[in-house]
Structures are given as structure tokens and as C-alpha cells.
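*Asks:* Quick one: structure below, then a few questions.
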Amino acid sequence: DNSSSGAAPGTDFDPVAPNTEDRVVVPEGYAQNVVIRWGDPVFDEAPEFDLNNQTGAAQEKQFGYNNDFAALLPLDASGKRHLLVCNHEYTTESHMFPGYDENNPTEEQVRVAWAAHGLSVVHVDADLREGGLTPATSKYNRRITLNTEFEMRGPAAGSDLLKTSADPSGTKVLGTQNNCAGGVTPWGTVLSGEENFHQYFANAEGVTDPAAKQRLDRYGFSGTASDRKWERFDKRWDISQEPNEPHRFGWIIELDPHDPRSTPVKHTALGRFKHEGATVHVADDGRVVAYSGDDERFDYLYKFVSDKAMKPGRSSRARRHNMALLDEGTLYVARFTGNSPESEIDGSGKLPADGAFDGTGEWLPLAHNDESLVEGMSAEEVYVFTRLAADKVGATKMDRPEDVEPNPTNGKIYCALTNNTNRGSEGNAGADEINPRVGNKHGHMLELDDDHTGTTFGWNLLLVCGDPGDPSTYFGGFDKSRVSPISCPDNVAFDRHGNLWISTDGNELDSNDGLFVVPVDGPERGHVKQFLTVPVDAETCGPVINDKLVTVCVQHPGENDEGLTSHWPDGGTSHPRPAVAAVWRDDNGTVGEIGRR
Ligand code: FEO
Ligand code: CA
Ligand code: CA
Ligand code: CA
């Protein structure tokens with residue numbers, strides 16, 4: 001331990017205080033730069049970004065909108081050359097196009113929006129003495145948009161439920177949308193979750209068949225015209241014309257950024273729901289376990305266990321084998337049981353007599369390859385209508401499971417439950433030990449001790465978030481007078497010490513969103529410290545924590561129903577642009593370790 005302050009390794013810095021500044025605020029002694037913004041070139045031939053003259057063709061060559069997940073994949077051992085892989089979750093047309101008419105979007109605006117979704121792969125060079133992390137063009141640079149062909153794989157590929165007039169095979173889909181969080185696999189690819197995919201589709205309201213209607217309702221499809229009116233320019237967004245197109249979104253996708261010609265994949269074996277993302281743990285026997293949350297109030301936590309073991313190495317043979325691991329295996333959903341009497345869970349967040357929100361749980365199997373394990377549903381139905389399958393087996397309704405990720409240091413699984421203000425409201429589930437607050441505004445952090453390939457686990461709540469002065473909060477038993485306030489945990493990451501890093505979305509404490517670190521083991525367990533805050537009305541996401549560099553996505557700066565509220569990153573009176581930011585110590589030292597180079 002080389003800290004001067006008793007801080008846990010990797011957490012020695014002066015925390016950033018809550019604030020509402022229109023900039024990225026970092027601790028004393030740290031530097032930062034803007035890595036890449038919406039509209040910046042991904043290819044040499046990309047036209048310069050022109051807010052007032054955007055075209056779909058230009059956006060296909062530029063960094064997309066609303067970066068959410070980010071991965072930084074080393075290209076060699078130098079620590080200087082990486083591939084930055086970013087998701088572009090969604091578009092906000094009224095903030096993208098000056099003078100936008102929401103009733104009459106132009107075809108060009110719609111084409112820009114299609115190209116602004118998806119992912120970007122960008123070579124980045126790190127030089128912390130010369131200005132941080134900077135993009136460059138390379139043979140790897142790539143845009144994935146709503147026009148990029150994907151291959152559907154796994155047990156539901158080719159199902160009648162996935163066939164459309166444009167794709168009678170049910171195996172080829174154009175594009176990906178609403179990609180939220182994600183993960184890097186141990187074999188070097190990127191997984192990404194298609195989350196709120198329902199919002200892009202029109203005319204659910206006209207569907208009268210009761211079974212079809214029930215399925216659409218359960219996934220949140222509603223109304224007539226869609227907000228973005230894409231159905232005017234491509235009938236696939238119109239459910240009355242292409243009833244199966246919605247089934248082709250809501251999956252975990254996999255992209256191999258090291259092969260720029262590869263066809264990205266949608267993995268049906270991981271089920272279809274509002275996937276926040278997916279992350280992988282390798283079990284002792286080599287089989288892989290993918291964890292994934294369904295981010296909706298009262299929805300569920302899932303895992304998938306592969307049949308086959310991972311092959312070591314990065315040969316093309318190993319890579320091909322490993323990229324098929326997520327196509328064969330068993331899909332499970334979680335049921336949680338508390339160990340305290342129900343009478344001690346009063347919905348206020350008051351700790352039960354045993355001093356912990358904790359208990360055990362089991363993974364309920366839904367399907368294994370072509371075999372359904374849910375009565376009354378075929379395997380294809382389980383994969384395509386996974387929420388209905390999980391309803392039938394009695395999974396536990398959670399407070400919006402966002403990112404869920406294995407900690408490589410202690411092997412435990414951490415899941416952000418971002419909030420659920422409807423918990424305990426009329427007609428909804430009340431508090432239980434795993435979701436212990438009614439009207440849960442600030443969310444909580446779950447720690448799972450999972451028998452990874454098995455069906456049982458132990459669990460406890462590491463944090464019950466909010467202002468530490470609020471008696472309903474809990475910070476792992478740590479002294480609450482010494483912690484940073486934290487609200488609405490969303491994405492999680494780990495540093496080399498196994499400290500948990502948490503980014504927030506929707507802070508309900510009169511401060512901008514931020515990035516926090518908290519040790520999970522030892523005497524500092526629960527000592528939450530804020531490492532940075534993002535500009536006004538932005539969300540912090542996609543954190544990557546390396547020894548000398550912290551990277552975050554700054555999503556939707558200035559996004560507010562009242563109009564744009566930020567001028568980040570260019571300042572003055574400029575139009576805000578979602579962008580990626582990098583932070584490092586200005587003496588080039590190790591993040592969170594004062595005095596250590
Ligand atoms: Fe797109 Fe669940 O956050
Ligand atoms: Ca987001
Ligand atoms: Ca308990
Ligand atoms: Ca998220």
C-alpha cells in the first residue's frame with residue numbers, strides 16, 4: 001500500500017464534489033481531453049462535420065450520435081495503440097437538426113439518423129504527455145449503422161418469427177439500434193445490448209390478434225405513428241406491414257473489431273429483451289457465462305451458460321470457435337430470496353435485524369438450444385418472447401437491471417439496479433429484501449456470489465444509493481460521513497485492484513452525473529468516492545479504467561425537454577455534441593495512486 005491517506009489502492013485522490021458545471025470536472029492533479037465527438041471523421045474521406053448541412057452519406061463516415069458503451073482494445077503491448085469501440089445508442093432529432101420539424105422529418109434527416117446509430121471502431125493513440133488520447137485512421141476503422149448487414153445466429157435463427165419480406169431466410173438483419181452498454185469478451189470481441197428498440201416502430205395499436213397484442217404490450221410497443229416517422233421511408237418500421245421486423249431487434253450483438261470485414265452477429269440464444277448489455281465470465285472448466293440485465297422497471301436479470309469451453313489464444317481457428325460459444329447453451333433467469341423476515345422489510349430502506357439486505361437465489365432455466373424448458377412455449381418462442389417465458393417461471397421483478405459485470409479480481413458479479421419510482425405504487429410489486437425501497441429514486445448495487453455454471457447463488461446489496469444523510473441509504477457498512485453521494489448507478493467497470501467503478505445516469509441529487517469508485521473488499525468496502533462529473537444534462541457511461549487512463553462516454557450533453565442546456569465540448573455558444581473524454585494524471589502517474597509512477 002503506497003497511499004498517504006489510508007485510501008484503498010487505486011482510490012487515492014480528492015473526490016470531486018457534486019456540482020452543476022458545464023464541463024468535465026476531474027480531481028486535482030488530473031488532465032483531460034476530448035477524444036472524439038459526434039460527427040468527427042472515422043475515415044480519411046469523411047466530410048467535415050457541418051451541423052446545418054448533414055447528410056446520411058457523411059454520417060456513415062463520421063462518429064455516430066450518443067456514445068454509450070466504450071471499449072478500449074489494445075492493439076499491442078505498448079499501452080499506446082488501441083481500438084476504441086463505441087455504441088451509438090439513440091438519436092434526438094430535435095437536438096441534432098436546427099429547425100427540425102417533428103411532424104415532417106425529411107428523408108435526408110432520417111438517413112442521417114439511421115447512420116448515427118450503431119457502433120464506431122476507431123484507432124486511438126495514447127500519448128499522455130502530448131494531449132491524451134487521439135483518434136487516427138487505420139485499416140480497422142469502421143462504422144456499423146442501421147444499414148449494416150448482421151447475421152442472426154443460435155437456436156432461433158431462421159425461425160418463422162424472424163422472417164420478413166426483405167429476408168425470407170430469417171437470418172439476415174439490417175443494422176442494430178439502441179445499443180446501450182456492452183462488454184469485451186475474453187476472446188477479444190465486443191458484445192452490445194439492443195435496449196429500447198420498441199420506440200422505433202409504428203402502428204402497434206392496429207394489431208388485433210390477442211397473442212400478438214400481448215407480446216407487443218409486454219415489450220412496450222404502442223401507438224400509431226412513431227416519434228421519428230421512419231416508417232414513412234422504410235416499411236420495415238411499420239408493424240402493420242412487417243409484423244416480424246420488431247423480433248429482429250432486442251438481441252445481444254457481437255462484433256469482431258479486429259476483422260474489419262467480418263459480419264456482426266445477433267445471438268438469439270441469449271434471449272430477446274431490453275438488453276442493457278452483456279458481459280462474460282470464464283468458468284473453471286472453460287465454459288463461458290454471459291450475464292445480462294433487462295432494463296425496465298420490474299424486469300429481470302438473466303444469465304447464459306455455454307455448452308462448450310473457450311479455446312485459448314487468438315488464432316483465427318480459436319476465434320471462430322469462441323465466437324460460436326454464445327450460440328449453444330442454457331438461458332436462465334434469476335429468482336431472489338431474502339433471508340430476513342418479510343415483516344422487517346418495510347419499504348423505507350431500514351436495515352433488517354441481521355444488518356444486511358441479503359439472501360440466496362436460483363437460476364431458473366428457460367431453454368437449452370432447441371429444447372424449451374417453459375411449459376406452453378416452444379424454444380423459438382422462449383428466445384423471441386423471453387420476457388413472457390420469464391414471467392411464467394416466476395422470476396423476481398427488479399428495479400431496472402442495468403449493467404451486470406463479473407469482477408475479475410474476486411469473481412463476484414455486480415449489477416446496477418438504477419431506480420424504480422414505481423416500486424410499491426398502486427398495482428405494482430412492493431418492497432422485498434432485494435428491492436427494499438418503495439419509490440426507489442436512487443437505485444442500489446447488487447453483489448452476487450454465483451456458482452457460475454450452476455443454478456444457485458448468494459447475494460447482498462453493496463450500496464443503497466442516495467445522499468448519505470438520507471437514512472434509507474447504505475454504503476457497505478462504511479462510515480457514511482466520509483462517502484460521496486451517488487444516485488442512479490448505470491454502468492460498472494473494474495480496475496486492476498478489483499475496485500468497482502460506477503457511472504450514473506439521471507442523478508436525482510441536484511448534481512450532474514458522474515463516475516465513482518468504491519472498494520468492494522477490505523476495510524474500505526463501501527467507501528464511495530466521486531472521480532469525475534460530466535457536463536449539464538449529460539449521462540456518464542462506458543467507463544474504461546486502465547492504469548494510467550480513465551475513459552468515459554459523455555452522452556447527450558444538454559439534453560433537456562426545455563431545450564439544449566449545454567455547450568460542451570466546444571464551449572461559447574456552440575451546439576453540444578456527445579463525445580468521449582479521457583482523463584489521466586498530469587504527472588503521467590498511476591490513476592488513484594499518489595506518488596506512484
Ligand atoms: Fe440505455 Fe439502460 O440505459
Ligand atoms: Ca443512455
Ligand atoms: Ca438479511
Ligand atoms: Ca445504460
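Bear in mind that the values in this text are calculations on the coordinates, not laboratory data. Only a predicted model underlies this, so the values are computations on that prediction, with no experimental measurement involved. For neighbour counting, all protein chains shown are included, and Cβ atoms are generated from backbone atoms with ideal geometry for every residue, glycine included.
*Asks:* At a temperature of 20 °C and a viscosity of 1.002 mPa s, determine how fast the stretch 1-126 diffuses translationally according to Stokes-Einstein, using the Kirkwood radius over alpha-carbon pairs as Rh; express D in µm²/s, rounded to the nearest whole number.
*Replies:* 123 µm²/s
*Asks:* In addition: Where nothing but the Cβ of Lys and Arg (+1) and of Asp and Glu (-1) is charged, how large is the charge dipole of the chain around its Cα centre, in debye to the nearest 20?
*Replies:* That gives a dipole near 1480 debye.
*Asks:* Straight distance only, please: which lysines reach the Cα of Lys529 with their own Cα at less than 25 Å, same-chain residues fewer than 8 apart left out?
*Replies:* Straight-distance partners of Lys529: Lys350, Lys412, Lys441, Lys480, Lys548.
*Asks:* Rounded, prolate or oblate for the stretch 410-488? Axes are the square roots of the Cα gyration tensor eigenvalues, ordered a ≥ b ≥ c, and the cut-off for rounded is a/c under 1.5.
*Replies:* Since a/c reaches 1.5 but b/c is at least a/b, the shape of the stretch 410-488 is classed as oblate.
*Asks:* If you wrap a convex hull around the alpha carbons of the stretch 190-231, what volume per residue comes out, as a whole number of Å³?
*Replies:* 85 Å³
*Asks:* Using a basic spin-label model with each label point 7 Å from the Cα along Cα→Cβ, how many nm lie between Asn410 and Ser481?
*Replies:* 2.5 nm
*Asks:* OK, next. Please identify which residues in the stretch 553-593 have an amide N closer than 17 Å to a label point set 7 Å out from the Cα of Glu130, following the Cα→Cβ vector.
*Replies:* Under 17 Å, as judged by backbone N against the label point of Glu130, lie 588 of the stretch 553-593.
*Asks:* Also, quick follow-up: Order of Ile486, Ile413 from fewest to most other C-beta atoms within 10 Å?
*Replies:* Ile413, Ile486
*Asks:* Quick one: Cα centre-to-centre distance for the stretch 533-565 and the stretch 35-80, in angstrom?
*Replies:* 16 Å
*Asks:* Another question about this same structure. By the gyration tensor of its Cα atoms, with a ≥ b ≥ c the square roots of the eigenvalues, what is the shape of the stretch 369-426: rounded for a/c under 1.5, prolate for a/b over b/c, or oblate?
*Replies:* In terms of gyration-tensor shape, oblate.
*Asks:* Shifting gears a bit: Between Tyr100 and Ala225, how many nm apart are label points set 7 Å from Cα along the C-beta direction?
*Replies:* It works out to 1.5 nm between the two label points.
*Asks:* What number results when the radius of gyration of the stretch 254-409, computed over Cα atoms, is divided by 2.2 N^0.38 Å?
*Replies:* Relative to the rule-of-thumb radius for its length, the stretch 254-409 sits at 1.18.
*Asks:* While we're on this one: Describe numerically, in nm with one decimal, the distance between label points set 7 Å from Cα along Cα→Cβ at Phe43 and at Asp391.
*Replies:* Placing both labels 7 Å beyond Cα along the Cβ direction yields 4.4 nm.
*Asks:* Counting only helical runs of four or more DSSP H residues, what would the 222 nm mean residue ellipticity of the chain come to if each run contributes -39,500 (n - 2.57) and the total is spread over all its residues?
*Replies:* Value at 222 nm, helices only, nearest 500: -2000 deg cm²/dmol.
*Asks:* Once you have the Cα-Cα distance between Asn428 and Arg317, take 0.36 nm times their residue separation minus that, and quote the gain in nm to one decimal.
*Replies:* Going from the current span to full extension adds 35.0 nm.
*Asks:* Going through the cross-link list Lys213/Lys235; Lys274/Lys392; Lys61/Lys266; Lys172/Lys303; Lys61/Lys163; Lys303/Lys392, which pairs have a Cα-Cα distance over 28 Å in this structure?
*Replies:* Where the Cα-Cα span goes over 28 Å, the pairs concerned are Lys61/Lys163.
*Asks:* Please state the equivalent ellipsoid semi-axes for the chain: what are the square roots of 5 times the Cα gyration tensor eigenvalues, largest first, in whole Å?
*Replies:* 32, 31, 24
*Asks:* Now for a separate question. Tell me, in nm to one decimal, what length is gained between Asp307 and Thr421 on full extension, where the rule is 0.36 nm per residue of separation less the Cα-Cα distance?
*Replies:* 37.2 nm
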